[in-house]
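Just below is one structure, and these are the notes that go with it.
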Ligand code: CA
């Protein structure tokens, strides 16, 4: 017994010697000695406090399986804090804060997606890897469904804005205390889809939360977006219904016709429609027998009508716009999503549990009256459709937004509509828009990522963060930092397409993404895969 005690004692002594000479160990001690709950004004619960050495693959056994995020690699030494933060007596959110040992003095908040309650660990890891004290929440409920909204408005409020705003308060308090500094540092946000909406919504409601916001493919005008998504099932019908258009037909017959009519508008036959706002499909050309064609690769009249409805703006009966038309060119993924003959479950859940409060509501019965009701009810003020962000702009805030031109879930034409809405408020003064709000269109990108375009530009996630330099030219996150802190304006963003969509495959090509109202324009000669063959050209009209 005595010998064992002595050897333990020696081991402790050696550990102390090592700790005095090893920064990692002292960071570990600092991490494990930190008392976050002493500094959080909400009555939070500490679920985890752990030192995470670089190279660790963290697993998340408590994460809902539907979130499909069982693990995440942490590429730098960091201190991980996981809390549960109550927001009312019947709501609260799970919260992750990753504090990297090498801190760049900034905080970064991350957003969510869909109607889900899933922490985007990949975005937190991206921020931490680049030196940000980075945090995210489950947005007030767990998993990818919306049943938690039912008869609990507090959960809807968390989802709409409160989880993010409260997480900023917590993160802004903890980071300086942890790093033992009085400096708050600059505050940033990154998110896409619902996360894009969260960024815009936060700028509207809490203009002092962030100095810089990256808001991708934003789900703004949220209620109308969810109504538009709800229309597809009644339009397509179920897979067994007469004149249902199969996934194969969308991917071949229709997609090929879309490219035949629109791919060359930009001067290059590459399968990418550079500017989807210029593409208006003449759906009659899909009709069997069109122009006396004997081809059987065609649609029935009833099917053409369905495609025509999908490719045109969604209007109220009085003719006013409800939501813009789908991006032509998005058929490859939309065929297995919104056009699949199944009700789109996030829309179903939003209507059942938040708008109608009718859990057995049948999505096949959706009509424009439901859309009107959603706008009128606007649960937890989720609409996110401001006509001005003057308060955010007035305190020096900057926003970078982007949208894939073949987004299959949120029409990129709605981001033009939103830009126009903000621009109208300043009499279309481009200088005033450029001062705080820059919208980059990403040709050939699907919803938030993937696609044939040059879609990697530092917008978050594991792959998006890898293989490109973290600088203002290649990363929207680095670009927003330079804009906020150095006044370096982001005129263009270089996107990268990797071979096999993997950095290990090497770069296939890079492309210059242009801010609205500039258009990516082919020089007319030169290799289309050469970045110098394209330039951003102002197309006027404003
Ligand atoms: Ca093209």
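Coordinate-derived values only; no laboratory data. Computed from a prediction, not measured in an experiment: that's the story for all the values here. So basically every Cβ, Gly included, is an ideal-geometry build from the backbone, and we count neighbours across all protein chains shown.
Side notes on the structure shown:
- For the peptides 144-152, 66-74, the ranking by mean Cβ contacts within 10 Å, running from highest to lowest, is 144-152, 66-74.
- Stokes-Einstein translational diffusion, the range 410-485 - Kirkwood Rh over all Cα pairs, 1.002 mPa s, 20 °C, in µm²/s: 154
- An ellipsoid equivalent to the range 318-407, defined through the eigenvalues of its Cα gyration tensor, has semi-axes of 28, 21, 13 Å when rounded to whole angstrom and sorted largest first.
- Rg/Rh (Cα only; Kirkwood hydrodynamic radius) as it applies to the chain: 1.01
- Label zone at residue 25, where the point sits 7 Å out along the Cα-to-Cβ direction: the range 85-112 residues whose backbone N lies under 19 Å: 101
- Distance in nm between pseudo-label sites at residue 432 and residue 501 (7 Å out along the Cβ direction from Cα): 4.1
- Residues residue 390 and residue 235, FRET efficiency given R0 of 30 Å [Cβ-Cβ distance, rounded to 0.05]: 0.20
- Amide N proximity, the range 236-279 versus residue 68 label position 7 Å along Cα-to-Cβ, cut-off under 14 Å: none
- Degrees between helix 476-486 axis and first principal axis of the chain (Cα, 0 to 90, nearest 10): 70
- Sorted on the mean count of surrounding Cβ atoms within 10 Å across their residues, most packed first, peptides 394-406, 364-376 read 394-406, 364-376.
- For the peptides 50-56, 356-362, 475-481, 250-256, the ranking by packing is 475-481, 250-256, 50-56, 356-362, with the highest mean count of neighbouring Cβ atoms within 10 Å listed first.
- Net length gained if the chain between residue 48 and residue 284 were fully extended (0.36 nm per residue, minus Cα distance): 79.0 nm
- When DSSP beta bridges are restricted to pairs lying wholly in the chain, around 65% turn out antiparallel.
- Along its three principal directions, the equivalent ellipsoid of the range 354-478 from the Cα gyration tensor extends over semi-axes of 30, 23, 14 Å, largest first.
- Contour excess over end-to-end distance, with Cα ends at residue 293 and residue 90 and 0.36 nm allotted per residue: 66.7 nm
- Whether the range 27-136 is rounded, prolate or oblate, judged on the alpha carbon gyration tensor where a/c under 1.5 counts as rounded: oblate
- Tensor-based shape of the range 462-521 (alpha-carbon gyration tensor, a/c under 1.5 rounded, otherwise prolate or oblate): oblate
- Part-to-part distance (alpha-carbon centres) for the range 183-261 and the range 22-78, which is given in Å: 31
- The spacing between the range 351-368 and the range 413-467, judged by their C-alpha centroids, is 32 Å.
- Within the chain, helix-based [θ] at 222 nm, where runs of 4 or more DSSP H residues each add -39,500 (n - 2.57), nearest 500: -9000 deg cm²/dmol
- More than 17 Å apart - percent of Cα-Cα pairs taken over the range 385-425: 39
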